[in-house]
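First up is the structure itself, then whatever we jot down about it.
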Amino acid sequence: MRKSGIHITRHGCLYETAPAYVTDQPQFLNSAVRAVTKLGPHELLGVLKTIERNMGRSGGIRYGPRPIDLDILFYGKYQIGSDILTVPHERIWERPFVMAPLMDLLGSVIDSDTVACWHSLSTDSDGLFGLWEKLGGESLIGKEGMKRVLPIRNHLWEWSKKTSVMGGADIIDIGAQSTRPMASRISAEQELDRLIPVLEAVLEMPEMEEKLVSVDTFYSDVASEAVNKGAHLINDVSAGQLDPNMLKMVASLDVPYIAMHMRGDPTTMQSSDNLQYSDVCSQVASELFSRVKDAELSGVPAWRIILDPGIGFSKKTEHNLDILTGLPVIRSEIAKRSLAASHAPLLIGPSRKRFLGEICNRPAAGERDPATIASVTAGIFGGANIVRVHNVRDNVDAVKVCDAMLKEMSIQL
């Protein structure tokens, strides 16, 4: 699409759904994009049909198996009715697998006349939001017929099914550059020299067969080499701010990207200027959304992005506590601008951080594991999907208990 004059600006989430109409076929993958183009509506349709053919689509039964199906849902503020094109697409309103990714392209706050027009063109007096709720809304997600998924390794990861533990149980995170406050920066070449032998050794371990490996780096060259060697995710504490080539590189690598909130770099992140917040959850949400927007414009789809509010990075103790208890607020603030970004997997990393030592009077990091378990528990109940920890055994138990409690609560609801 990009090569054909279609500039993609936003992506929906990725959904694995049951096939519609003709049900004797494999599961479908569905998403949607917002884009800007100079192509007229019928020119655009022609380009999309060409893309379908180039990707192997040929004739067959209607709604039957096909490698790809591209439709125009809306075209600006226009209503179009011709022999070959109807806009808005006539079956939007009855298809949850279309409505879900379409809703992702919006914010909960209507941000333009065009989006207001889309709402007015819906078949519901309450606009697209009302129509989505009448179809079932968020209650549909996670059921057998519709799951949000993230492509990783050689499978689709339904990341909301259980809380994942980064540190050993589910995801191994490997880094060769310290990002502690005031840590001096080493070059990409030095980082590669340290990282690659360890990465290769870890990937060769038999017990790694079912696990994911992420590489913690803010250098694009390191990210590229790590993925070429077999890493499955890139974990960037700067969310693309410390290397101008990082976002384009991640887009080309087609791997999930963890974008963390941090102001400045490790040498400046705890400066007085970078610790100024009037509303930490709202501002972290706003700044994270800006990083997501930059990533999407660089070609990283929203369905590959994992968000990390950056506990301990550019934060005072009270800020870290506000974030741990305010994860739902962060999601809702992001949702005002992008529902897709608000649905992204959320990662937190409070493990053994200094603020826990300050609260509990535990100057030694190794003595902060009970405090870590408490903060991880709070985060999971606030909606965290991935927790990064040092003491894997004890935190895995805490995560299992939290997940069991959440499951029981959902059954009661």
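The values are calculated or read from the model by the stated rules, or taken from the named source; none is laboratory data. Because the structure is predicted, anything quoted here is derived from the model rather than measured. Methodologically, a virtual Cβ is constructed for each residue, glycine included, from the backbone with ideal geometry; neighbour enumeration extends over all protein chains shown. Calculation scope for accessible area: heavy atoms of the full protein, side chains included, ligands and nucleic acids excluded. Shrake-Rupley method; radii C 1.70, N 1.55, O 1.52, S 1.80 Å.
Reachable aspartates and glutamates from K134, Cα under 12 Å, same-chain residues fewer than 8 places away excluded?
E94, D124, D126
Students often get this wrong: which residues of the stretch 92-123 have the backbone nitrogen under 16 Å from the point 7 angstrom along Cα-to-C-beta of T23?
Once the point is set 7 Å along Cα→Cβ of T23, 96-97 turn out to lie under 16 Å by backbone N, inside the stretch 92-123.
So for the stretch 337-413, considering every pair of alpha-carbon atoms, how many percent are separated by more than 21 Å? Spell out each step's value before the answer.
Values: 1014 of 2926 pairs.
Everything past 21 Å amounts to 35 percent.
Let me make sure I get this right: for the stretch 2-149, a, b and c are the square roots of the gyration tensor eigenvalues over alpha carbons, sorted descending. Under 1.5 in a/c it's rounded, otherwise prolate if a/b > b/c, else oblate. Which is it?
Details: a/c = 1.56, a/b = 1.03, b/c = 1.51.
Note, shape of the stretch 2-149 comes out oblate.
I want to verify the translational diffusion coefficient of the stretch 109-165 in µm²/s; compute it with Stokes-Einstein, Rh as the Kirkwood radius over Cα pairs, at 37 °C and 0.692 mPa s.
Values: Rh = 13.9 Å.
Translational D for this selection: 236 µm²/s.
Dipole of the chain, Cα-centred, from +1 at each Lys and Arg C-beta and -1 at each Asp and Glu C-beta, to the nearest 20 debye?
Values: 44 positive and 51 negative charges, 86 e Å.
Charge dipole of the chain: 420 debye, to the nearest 20.
Please build a GNM for the chain, connecting alpha carbons under 10 Å apart, and tell me which residue among K161, K134, K315 fluctuates the most.
K134
Which entries of K147/K293; K248/K336; K211/K316; K49/K336; K3/K229; K143/K407 have Cα-Cα distances beyond 22 Å here?
Working: K147/K293 24 Å; K248/K336 26 Å; K211/K316 33 Å; K49/K336 34 Å; K3/K229 29 Å; K143/K407 14 Å.
Table pairs above 22 Å Cα-Cα are K147/K293; K248/K336; K211/K316; K49/K336; K3/K229.
Provide the FRET efficiency to the nearest 0.05 for the T50-S290 pair, computing r from the beta carbons and using R0 = 56 Å. Walk me through the numbers on the way to the answer.
Details: r = 35 Å, r/R0 = 0.62.
Taking R0 as 56 Å, the efficiency between T50 and S290 is 0.95.
Can you tell which of H11, S252, M205 lies farthest toward the positive end of the dipole of the chain, using +1 and -1 charges on the Cβ of basic and acidic side chains (Lys, Arg; Asp, Glu)?
Of H11, S252, M205, it is H11.
Name the aspartates and glutamates eligible as straight-distance cross-link partners of K77: C-alpha to C-alpha under 13 Å, and not fewer than 8 places from it in the same chain.
D113
Give the Kirkwood hydrodynamic radius (Å, one decimal) of the stretch 38-111, defined as one over the mean of 1/r across all pairs of different Cα atoms.
Details: mean 1/r = 0.0712 Å⁻¹.
After inverting the pairwise mean of 1/r, the radius is 14.1 Å.
Which of the listed residues, S220, P65, G357, is farthest toward the dipole's positive end in the chain, when Lys, Arg count +1 and Asp, Glu count -1 at the beta-carbon?
P65
Answer rounded, prolate or oblate for the stretch 265-413, using the Cα gyration tensor with square roots of eigenvalues a ≥ b ≥ c: rounded when a/c is under 1.5, else prolate when a/b is larger than b/c, else oblate. Please list the in-between numbers first.
Values: a/c = 1.84, a/b = 1.11, b/c = 1.65.
Oblate.
Probe radius 1.4 Å, ligands and nucleic acids ignored: give me the carbon and sulfur share of the accessible area of the chain as a rounded percent.
Ligands and nucleic acids excluded, carbon and sulfur reach 52 percent.
Report the one residue of G137, I51, I80 whose Cα lies farthest in the direction of the positive end of the charge dipole of the stretch 2-149 (charges on C-beta: Lys and Arg +1, Asp and Glu -1; origin at the Cα centre).
I51
Where does the chain land at 222 nm, in deg cm²/dmol rounded to the nearest 500, when only DSSP H runs of n ≥ 4 count, each adding -39500 (n - 2.57), divided by all residues? Mind showing how you got there, number by number?
On the way: 14 runs with 156 residues, N = 413.
The helix contribution divided over the chain gives -11500 deg cm²/dmol.
With the other protein chains left in place, how much accessible area per residue, in square angstrom, belongs to the chain at a 1.4 angstrom probe? Write out the running numbers ahead of the final one.
Numbers: 19560 Å² over 413 residues.
Accessible surface, normalised per residue, equals 47 Å².
According to the square roots a ≥ b ≥ c of the eigenvalues of the Cα gyration tensor, what is the shape class of the stretch 162-412, taking rounded for a/c under 1.5, prolate for a/b larger than b/c otherwise, and oblate for the remainder? Present the calculation step by step, with values, prior to reporting the outcome.
Working: a/c = 1.25, a/b = 1.15, b/c = 1.09.
Rounded, because the longest to shortest axis ratio a/c is under 1.5.
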